[in-house]
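The values are calculated or read from the model by the stated rules, or taken from the named source; none is laboratory data. As the structure is a computational prediction, the values presented were derived from the model and not from experiment. Glycine gets a Cβ as well: all are built from the backbone with ideal geometry, and neighbour counts include every protein chain shown.
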């Protein structure tokens, strides 16, 4: 069938308008600021790794319900620890008005990882999707030199090279990393290709000093890629009793967010840890277990113990905890 040029142009335009891969936002940095389409963007984020009760792998069966809760809470950014290789999931996130920080691991058995170089295939596939905010390389790898032949220089070299590769194929999205605490001079000098430094920070309920510390060592944007408290007290302390204690979590998160949003001249926001409780982390995935351990976690409020299965702002059945309303109140006060 032969179509005239007008019909062809109309048909082509319809295809392009229906294709989300042609609607990428332009995300860039300007001095200490993160910009989306030239407007300042504050990350009102949440770490998101949904694992169903009894399971050990991530799944998105509850995505629609989760996004509704996120929208209610004023969340505008999801941080994930592994790429989402499902256009339907990314489309639904974008439709909800939420953006995603896509995390790449170093060694994930060749699945979109840095070691194999396959991460760049994911970048090339999804770089024009409007849900993408940033590309994140690694999560607290500076706490694990044993993964890199005992020498973090090997990790920093690999991370910088990966960021360089991303810059060669995608000029619309910055590179970032989730560094454990404040990066030192070696990390900063080794990784000039990192555009935005994310930092997983657990300094009790008061991360505020890190902003002045960062201001002294770098002019780049930064944000807290993890912060928060869990809803279980291993011991009674600071007026909070031992056991399940949503009030302790709510108070800690309120104090943390207050300090984050008082320092927006330096900080581009936060991804609170985390959206839902993870029953898979410390024992039988059919039950919620006390326990768990994470490097450099003695700063977890208020007991110094990261009870890994109690970090959600909602529980595994999506019931809101006390901290949900705290986050909702704080996030809705900040307008991009």
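Key figures for this structure:
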{"quantity": "Enumeration of residues in the range 152-173 that are touching a helix residue (DSSP H, G or I) at 6+ places or on another chain (Cβ under 9 Å) and within 21 Å of residue 223 (Cβ to Cβ)", "calculated": "155, 156, 159, 160, 162, 166, 170, 173"}
{"quantity": "Residue list for the range 189-211, restricted to those being touching a residue at least 24 places away in the same chain (Cβ under 8 Å) and more than 19 Å from residue 43 (Cβ to Cβ)", "calculated": "190, 191, 192, 193, 204, 205, 206"}
{"quantity": "Looking only at the range 84-117, and only at residues there that are in contact with a strand residue (DSSP E or B) (Cβ under 9 Å, 6 or more places away or on another chain) and assigned to a loop (DSSP other than H, G, I, E, B), the one that is farthest from residue 166 (Cα to Cα)", "calculated": "98"}
{"quantity": "Residue 281 being outside any strand (DSSP E or B) and closer than 14 Å to residue 53 by Cβ", "calculated": "yes"}
{"quantity": "Candidate set: the range 7-39, residues that are at pLDDT 50 or above and touching a helix residue (DSSP H, G or I) at 6+ places or on another chain (Cβ under 9 Å); chosen: the one nearest to residue 270 (Cα to Cα)", "calculated": "32"}
{"quantity": "Residues of the range 244-258 that turn out to be over 22 Å from residue 178 (Cα atoms) and touching a strand residue (DSSP E or B) at 6+ places or on another chain (Cβ under 6 Å), as a count", "calculated": "3"}
{"quantity": "Condition met for residue 75 (in contact with a strand residue (DSSP E or B) (Cβ under 6 Å, 6 or more places away or on another chain), crowded, with 23+ Cβ neighbours inside 10 Å, part of a loop (DSSP other than H, G, I, E, B) and at pLDDT 95 or above)", "calculated": "yes"}
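Rundown of residues vs (1) closer than 12 Å to residue 307 by Cα; (2) touching a helix residue (DSSP H, G or I) at 6+ places or on another chain (Cβ under 9 Å), yes/no style:
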position	(1), (2)
222	no, yes
229	yes, yes
233	yes, yes
236	no, no
243	yes, no
246	no, yes
252	no, yes
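Condition check ((1) in contact (Cβ under 8 Å) with a residue 12 or more places away in the chain; (2) crowded, with 17+ Cβ neighbours inside 10 Å; (3) more than 23 Å from residue 51 (Cα to Cα)) across all residues:
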position	(1), (2), (3)
229	yes, yes, no
287	no, no, no
291	yes, no, no
308	yes, yes, no
313	yes, yes, no
